[in-house]
Structure formats: structure tokens, C-alpha cells
1. Just going by the charge dipole of the range 381-501, with Lys and Arg at +1 and Asp and Glu at -1 on Cβ, which of Asn396, Ala454, Gly383 is farthest out on the positive end?
2. How far apart, in nm, are the 7 Å Cα→Cβ label points at Glu220 and Phe36?
3. So if I take the alpha carbon set of the range 134-287, get Rg, then get Rh from the Kirkwood formula, what is the Rg over Rh ratio?
4. Once the Cβ-Cβ distance between Arg450 and Trp57 is put in as r, and R0 is 60 Å, what FRET efficiency do you end up with, to the nearest 0.05?
5. Using r as the Cβ-Cβ distance of Thr293 and Ser244, and R0 as 45 Å, what FRET efficiency do you calculate, to the nearest 0.05?
6. Could you work out the Kirkwood radius for the range 370-442, taking every pair of different alpha carbons, averaging 1/r and inverting it, reported in Å?
7. Can you tell me which of 28-38, 134-144 comes out highest on packing, and rank the rest after it, using the mean Cβ neighbours within 10 Å?
8. So how much slack lies between Val121 and Met135, counting 0.36 nm per residue of separation and subtracting their Cα-Cα distance, in nm?
Amino acid sequence: MLAGGSAGAAAIAMPEAQAASAASRFSLGTLRDQLFARIETLDIAPDLGADIGSKRWFRGLGTFVGLSVVALAFWPDFAPLEAASPLPDDKPVLDEYHSQAILPLALGADTGRRMGPSNLVRPLAEAPERPQLQMLATLSSPDSFERTLLRAGVGRDEARQVLSMVQRAIPLGELEPGTQIDITLGRRPAPGVSRPLEDLTFRARFDLELSVSRLDPGAELTLAKKAIRVDDTPLRIRGTVGDSLYRSARAAGAPSSAIQAYLKALSQQVNLERDVRATDSFDIIVSHRRAATGERQAGQLIFAGLERGSRTPIQLMRWGKDGQFYEASGVGEERGGLVAPVPGRMSSSFGMRRHPILGYRRMHSGVDFKAGHGTPIVAVTDGQVTGAGRMGGCGNAVRLRHAGGIDTRYCHMSRIAVNRGQSVRRGQVIGYVGSTGLSTGAHLHYEMYRSGRAVNPASVKFVTRAQLSGAELQRFRETLRRIKTVEAGAALEDLAPTAEEIASETPLREIDKLDAPKTVG
């Protein structure tokens with residue numbers, strides 16, 4: 001009975017404990033949720049940019065000021081830091097510090113952790129030098145020929161002597177940037193002096209090599225010229241247009257600059273997108289030079305051709321000092337439209353208007369372009385200067401006569417760049433923007449006349465074409481016939497050496513290949 005009673009009491013106590021635990025959990029969870037809900041409803045940080053002047057705004061301002069005061073109250077004090085202890089004055093301790101010091105890279109260390117020399121290290125009285133130095137110097141654009149030699153280690157007196165000798169052989173202005181100079185310097189005659197120049201060789205021109213050397217050690221420098229045989233056969237490249245004219249020409253070996261010039265010349269004759277077919281054949285001839293030593297030099301485009309099956313072929317050749325392309329018949333490339341006299345926008349149009357200075361309505365027989373003082377003014381097309389100087393209310397002005405009875409005038413210039421009677425080309429600078437004459441500010445007043453009558457410059461558009469005739473046309477056709485006989489790819493073959501070149505050629509020994517020149521900046 002006692003055992004049974006105890007078991008029953010335990011059974012009754014367990015549900016009561018579980019109920020109490022459940023009630024405790026329920027009350028804590030409920031209290032936590034209510035607390036979080038209360039915190040979420042609090043407006044702790046009001047927006048000071050909204051409802052300015054309201055109670056909520058002033059409460060937020062008070063919160064901001066209070067937090068700022070608390071932050072300033074807990075601001076840390078500024079106290080000096082204790083410095084490291086100074087080095088001891090004891091010499092043995094200082095020597096120990098010095099022996100374990102890290103030597104900077106600039107003083108000769110290779111890793112930055114090299115230990116400094118101790119008292120056992122003794123400097124050399126004199127370091128041995130190489131008996132000969134070979135290097136390869138490059139002539140850069142900012143530096144002169146003399147400066148390049150000095151930077152390579154040539155003495156100042158010898159550099160000036162070499163400069164004088166080279167000037168007598170070739171103008172220094174013909175030396176192109178990038179020219180490489182092989183320099184050999186000998187042993188110093190005494191410590192602290194420059195090494196003597198033993199040999200200096202460079203390619204002065206594509207067809208000329210210069211060498212300055214000494215016949216014997218200590219002898220005077222002498223200059224030797226070596227002419228290089230050069231062949232000027234043009235490079236002809238032909239192929240089928242295919243999917244892309246540019247990619248096909250590049251795949252055939254044409255330089256990118258020549259292809260761009262070819263497409264520009266061709267675009268003056270046909271529409272490249274509509275009139276060029278995949279089955280057409282391109283014909284490109286570029287000026288080309290090849291030296292007997294193996295170097296090659298490609299120049300500008302001289303012929304642009306396009307075979308179009310049953311359609312009329314296109315044949316254009318560069319001719320004349322201006323490098324203009326002409327058709328096989330001798331007709332020059334078409335140059336259409338007028339170029340803008342200045343890059344500024346049009347600020348006043350053609351017609352009646354109220355004059356800004358005179359104050360009454362009058363005919364504005366031109367157009368105004370807005371441009372800054374000193375902006376270059378160019379000729380809108382080819383012509384001849386019929387007037388240049390002061391022209392009344394126009395101030396400093398230039399008047400040009402063009403083909404087809406067209407005249408143009410450019411007013412209010414600050415400075416005139418042409419003279420009366422001078423011929424000018426399309427795009428050539430004839431003056432500079434100013435504000436001379438009846439003008440309220442820097443701008444260009446541009447006028448156009450046809451047969452002496454003012455016309456609106458914005459309504460005129462005409463083209464100009466050059467035409468060869470007489471002996472000039474005969475020379476043009478003969479040159480065109482001669483370059484068209486060049487075989488495609490013939491200029492890519494190496495020049496066969498002559499008997500003299502074979503005899504003068506010295507074979508390079510394997511041991512000489514080890515003495516490669518050292519390149520200097």
C-alpha cells in the first residue's frame with residue numbers, strides 16, 4: 001500500500017510540474033514578444049529632414065544632441081607615447097648592432113636583408129675593369145646624336161669629333177629615331193677618365209652604313225662609308241575580295257596602312273558596301289624597298305585597282321606632288337562639298353536682321369560662326385586670294401576666287417595668313433578668328449558670291465576634279481603602264497648577292513656570337 005501510494009503521488013506530481021514548466025515558458029515567450037513589439041513601435045531616430053519644427057522633430061534633435069554630448073564625454077585623452085630607448089653608447093654594443101643591420105637595396109644589397117660589413121672587411125684599392133665594352137645605343141626622339149653617344153659612355157671630345165665627321169657625310173636631320181648604333185669602347189688610359197672609342201657603326205640611311213674606327217690603337221678616328229645595294233621594285237598584292245575586302249587584303253600580306261589608303265581611294269569611286277562583290281579581285285601596289293642586307297621597307301600606296309568582272313574596272317594611281325589619285329584616263333579624284341571654315345557652330349544665318357551695332361535692320365549677306373579668338377580659319381575649297389587686308393566694316397578680311405564664278409570672303413580676322421595673288425588649297429589656313437571692324441565679339445563672318453551676287457553659303461555645294469593633259473598625261477600613262485607590269489609578290493624575294501658582296505662577306509664564328517652588344521637606353 002505504501003509503495004502503491006508513493007507511485008500514485010509521483011504520477012500526480014509529474015503533470016503538475018509539466019504544467020508549471022509550460023506556464024513558465026508561455027509567460028517568458030509572451031513577455032519577450034511583447035517587449036520586442038514595444039521596442040519596434042518606439043521612434044528612436046526620427047528623420048531630421050522631415051516635419052521640421054514639429055514635436056517629433058524637436059524630440060529627434062534632442063536625441064541627437066544628447067548622443068553627441070555622451071560621445072564627447074567619453075572622448076579619449078591625448079597622452080604622449082613612450083619613445084623607444086636610445087641606443088647605448090657602448091662601442092662593443094654599437095658594433096653588434098651594426099653587424100646585424102639591414103642594408104638598403106640602393107647600397108648594394110640583393111635581398112634587402114644583407115648584413116652590413118664588419119671591421120674585418122677591407123675595401124679594394126682598385127677594381128679590375130673589362131678591357132673592352134660593347135653596347136648597342138638607340139637614337140631616341142628627344143635626344144640628339146651627340147647626347148646618345150655621351151649617354152653610352154663616349155667622351156665629350158670624341159663625341160664632338162664623331163658628330164663633325166658624320167655631319168660631313170649625311171645631314172643629321174636624316175637620322176631617324178630608333179637608329180641603332182653599335183659602339184665599342186676600349187680600356188681606360190687612366191683611372192677616372194672616359195674610355196676611348198674604338199669602333200662605332202650604324203645605319204645612316206636605308207642605303208648607307210657609316211663606320212667610325214681606329215686603324216691602330218691610339219690612332220686618329222676615321223670615317224668609312226659603305227653603300228648598300230637597294231632595289232625599289234614596288235610590292236604588288238592581288239587577291240579575291242571574299243567575305244571582307246580588308247581581311248582578304250591583310251591575309252594576302254598588304255600592310256594595314258596601305259589597305260586603309262586603298263579603301264579611302266576606292267570609296268571616291270564606288271560604294272564599298274553596295275558595289276564591291278565577293279568575286280571581285282583587288283589589286284594593290286605599294287612602294288617597297290629591299291636592301292641586299294635583307295632589310296625591307298614598305299611605303300605608301302601608289303596604285304589601287306579593282307577588277308569587277310564584266311563591269312568597268314577601277315584603276316587609280318597616285319600622281320603629283322600633292323599625292324592625289326588619278327584615274328587611268330587622267331581624271332583626278334572627285335572632291336565634293338565645302339569644308340567648314342571654322343569648327344564652331346553657326347550663330348547667325350543669311351538674311352535680313354537688326355544690326356547689333358548700327359541698330360537698324362539691314363541685309364546680313366553671310367553667316368556667322370561662333371569661334372574663340374585665334375581659332376584657325378581655312379579655305380572652304382581650292383582658290384586664289386584676290387584680296388587680303390582691311391575691308392571697312394569687315395575689318396581684317398580675306399577674299400578668295402574659286403572655280404565656277406564663286407567668291408568667298410572671311411571677315412573680322414585677328415591676323416591674316418595669306419597674301420594677295422597666292423593660291424590656296426582646300427583646308428589651308430588663311431587667317432585667325434578675331435573681332436576687328438564692326439564686331440561685338442570674336443567670331444567669323446563668312447560670305448559667298450556667285451557672279452558677284454551674294455548667295456546663302458548654306459545652300460551651295462559643288463565639286464572639283466583635276467584633269468591631266470599634254471606631256472603630263474603621257475608621263476602619267478607611261479608610269480601606270482610600267483608599274484602594272486610588276487609581278488605580284490616579286491618584291492618579296494631576297495636580292496641575289498653579287499660576286500663582290502660574296503667576296504667581302506666575313507663568316508661569323510660561333511665564338512663571336514657570345515660577344516653580343518649590350519643594349520643601353
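1. Farthest along the dipole direction, towards plus: Ala454.
2. The modelled label-to-label distance comes out at 10.4 nm.
3. Working: Rg = 23.9 Å, Rh = 19.2 Å.
The Rg/Rh ratio comes out at 1.24.
4. On the way: r = 75 Å, r/R0 = 1.24.
For Arg450 and Trp57, the calculated efficiency is 0.20.
5. Details: r = 36 Å, r/R0 = 0.80.
Computed FRET efficiency for Thr293 and Ser244 comes out at 0.80.
6. Over the range 370-442, the inverse of the mean reciprocal pair distance is 12.0 Å.
7. Numbers: 28-38: 9.8, 134-144: 14.5.
With the highest mean Cβ count within 10 Å placed first, the list reads 134-144, 28-38.
8. Details: separation 14, 0.36 × 14 = 5.04 nm, distance 3.35 nm.
Full-extension gain reported as 1.7 nm.
Read-outs: derived from the displayed coordinates by stated rules, not from any lab. Just so we're clear, the structure is a prediction, and the values are computed from it rather than from any experiment. Using ideal geometry, Cβ is built from the backbone for each residue, glycine included, and neighbour counts are taken over all protein chains shown.
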